[in-house]
Amino acid sequence: MPRRPLSDTPVVARARCLALLAIPVLALATGLAGCGSDEGHGGGAEAGAAGDAGATDAAKTGEAGADATASEAGAAPEAGSDAGSDAAGSDGAGTDASSADTGGGHDAAGGGDASSGDDGAAADAAVLDATADGATHDASEAGTDGGSTTDGGTVGPACIADAGAGGVCVQQLATAPSGEPLAMAVHGGSVFWITSTSVERVPVTGGTPSTVATTGGTDLAVDDTNVYFAQGTGVYTVPVGGGTPTPLIDGQIALSHLAIDATSVYFTSSTSIGKIGKNGTGYTVLAGSPAIAATTEAIAVNASAVFFTVCPGDECDVDRCALDGSGLATLAPKQFEPFALTLDATGVYWIDNTAPGGITKLPFGATQLVPVASAANPSALASDGTTLYFESGGAIQRMPVGGAVVSPLATGQPSPRLLAIDATAAYWFDFFIDAQNDEVFPLMKASPR
């Protein structure tokens, strides 16, 4: 699920902190670490449908709420670059939550240097000295010079000193070359992400990013053969190795989020929840006006149902319907700006913005909401069915899905955002301002998770 662009001015307080871009680096990092959330309130749950097991799209998560902008609406994709492709992994979309869209840990051999940053600035990993919560993220000390290592059971750039929990190797795989990543996914041995101007990929072992498409959007999903992405008025597809994007559907209004299963793409717009076959046929409105005459902040799908949020204001409902649109029901009314909908075989999770922030779960077949964790401004969420991963307080955290003691996977990360997991590792982007006052987005990896 996508993240709001830094240029937006949403209600979420942590995004407001990014308005401090003009101040020095360390002051910005301090401001980011100190921001709180807007206070809100949650609500009770209505009866949910039982048996919604077998989640299929849980591995692709990130921060929701990247609403399509006016500049994106109606913009037709340009031809993508003829990027080199890696072998696709064996994972099929639409299987179960622990393996769908993860790539199954099929890591290609060989590492590489971190690529250049935005506008050619911040390319050298040695400038990663911006901090969150006072923690140094300095690659000159960490050794991310492209040299291979087997620390932590992984191959690629060297492990960053003191960044991972015991036995965990934290690496910088690359730097996003063109703007803020808005959504990410890992599949078939590569990490994919989308910005407002392009779709990019890099091997899970690190290297120089390659461009999959020279047009961007707000959200993406990946299977063995194609990348599917939302852009303004339509859903587009492009081969994972790069090429010319093809529209699956156009003419939508403010299309912003999507999810996939084995055969279809499910998407949100300002007026409906829609479904289109991966071959471009079978368009269906699953839920439309007046039920969906509001902002939708997230969508996820499993083997039997589609889950999404409907937000007429700051308060949102978490809804579901069957894959054919029948059985539309509200599972959790009046949640405060829920985002990052995540599924596993046991239930649906989301992050809410009620101060100080927290993670809520509704088990399948239940009507009672379960507070899973209270965290400082959590910003992304993923589950493999056993462990829940989320970002909070400049760290990647993990805990059992049933709720228990939270333990860090990686610490000292400057403003981490987005999150994806495969069978062996967790991936995310950090953010800081470099000495040239440019925004820099390093792609990070922690393994084994």
Tell me, what HN-Hα J-couplings in whole Hz come from the Karplus equation 6.51 cos²θ - 1.76 cosθ + 1.60 at θ = phi - 60° for each residue of region 413-418, using x for Gly and Pro? 8, x, 6, x, 8, 6
Could you work out how far apart the two model spin labels at N279 and D162 are, taking each label as a point 7 Å from the Cα in the direction of the beta carbon, and quote it in nm? 5.8
Rounded to the nearest 0.05, FRET efficiency between L328 and T208 (Cβ-Cβ, R0 45 Å) equals 0.50
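Taken together, the values in this text are just the output of simple stated rules run on the coordinates, not laboratory data. Computed from a predicted model, the values in this text were never measured in an experiment. Backbone-built Cβ (ideal geometry, glycine too); neighbour counts: all protein chains shown.
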